[in-house]
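Colleague: Dumping the structure here so I can ask a few things about it.
The values are calculated or read from the model by the stated rules, or taken from the named source; none is laboratory data. This is a predicted model, so every value here is computed, not measured. All Cβ positions, glycine included, derive from the backbone under ideal geometry; neighbour counts span all protein chains shown. To get the accessible areas, we keep the full protein, side chains included, count just its heavy atoms, and leave off ligands, DNA and RNA. Shrake-Rupley method; radii C 1.70, N 1.55, O 1.52, S 1.80 Å.
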Amino acid sequence: MSGTENAQEKIGKRAWEREAILLLIREYNRLGHGPGYRLLFQQERPDAVLEEKGGARRKLGVEITHLFASQQEAMDVFNKRIPEPRQEGVTIDHLLKELNHLIRKKVGKRSAYSMSYPIALLIRNASPVFGMSDFLPRLTEVDLPAGVFTHIWFLSRDGSPEWKLAELL
């Protein structure tokens, strides 16, 4: 991969992270959880830093990951092509395994951070194959690490263009 392609990939990744964090903030604030948040800045580790609205102005780091049904689906979505609705072999079981894999990877990254503020994890289900209603009944199958992240949020669509937010931890 050339330097230009690598730079474009980083810009694309950063834009996806920004979109995800803004969706989180919108949904979190809309649902009326606590004082609400605003985006303070994006960076490499963690991916974003939020600040509480109001008096306390406490910071919260957010590590962001995107869930896809397959590598091909991720490439299609990032390149703005419409992925096939169902790819052979892609089941909710497959996606749950991938979700647990992503969480384990983020737990490993988190151990390298030494921040003065807490860190949360945002998982954005970017796959159009399965939605929120597919995941909610199966949350007991998600390996949620205790004591690593202050929150684990799951952001997904569910058969409509609207995003829904669930707090897993």
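Colleague: Of (1) -0.83, -0.87, -1.25; (2) -0.52, -0.60, -1.18; (3) -0.46, -0.56, -1.50, which is the value of log10 I(q)/I(0) by the Debye sum over Cα atoms at q = 0.11, 0.12, 0.20 Å⁻¹ derived from the coordinates here?
Modeller: Label of the calculated value: (3).
Colleague: In the structure displayed, which of 59/109; 53/109; 13/106; 106/164; 109/164 lie more than 24 Å apart, Cα to Cα?
Modeller: The pairs that break the limit, which is 24 Å between Cα atoms, are 53/109; 109/164.
Colleague: What are the ³J(HN,Hα) values, in whole Hz, obtained from phi via the Karplus relation 6.51 cos²θ - 1.76 cosθ + 1.60 with θ = phi - 60°, for each residue of the range 64-71 in sequence order, with x given for Gly and Pro?
Modeller: Running phi through 6.51 cos²θ - 1.76 cosθ + 1.60 with θ = phi - 60° gives 10, 9, 10, 9, 10, 6, 7, 5 Hz.
Colleague: Give me the number: length gained by fully extending residue 102 to residue 22, i.e. 0.36 nm times residue separation minus the C-alpha to C-alpha distance, one decimal in nm.
Modeller: Contour length minus Cα-Cα distance gives 26.7 nm.
Colleague: Please arrange 151, 94 by accessible surface area, largest first, computed with a 1.4 Å probe and ligands excluded.
Modeller: So, going from the largest accessible area down, we get 94, 151.
Colleague: Taking the simple approach of a point 7 Å from Cα along Cα-to-Cβ for both residue 166 and residue 41, what is their distance in nm?
Modeller: 3.5
Colleague: Where the only charges are on Cβ atoms (+1 Lys, Arg; -1 Asp, Glu), what is the dipole of the range 17-169 about its Cα centre, to the nearest 20 debye?
Modeller: Dipole of the range 17-169, to the nearest 20 debye: 600 debye.
Colleague: Something else about it: So what does residue 158 come to for accessible area, using a 1.4 Å probe and Å² rounded to 10?
Modeller: Result for residue 158: roughly 50 Å² accessible.
Colleague: Nearest 500 deg cm²/dmol is fine: what mean residue ellipticity at 222 nm does the chain get from its DSSP H runs of n ≥ 4 alone, each adding -39,500 (n - 2.57), divided by its residue count?
Modeller: Counting only the DSSP helices, I get -11500 deg cm²/dmol.
Colleague: Ok, one more. What relative contact order, as a whole-number percentage, does the chain give when Cα pairs under 8 Å and 6 or more residues apart are counted?
Modeller: 20
Colleague: Give me the distance in nm between label points sitting 7 Å out from Cα along the Cα-to-Cβ direction at residue 116 and residue 53, one decimal.
Modeller: Here the modelled spin labels are 2.6 nm apart.
Colleague: Can you work out D for the range 118-169 in µm² s⁻¹ from Stokes-Einstein, where Rh is the Kirkwood radius over C-alpha pairs, the temperature is 10 °C and the viscosity is 1.306 mPa s?
Modeller: The estimated diffusion coefficient comes to 137 µm²/s.
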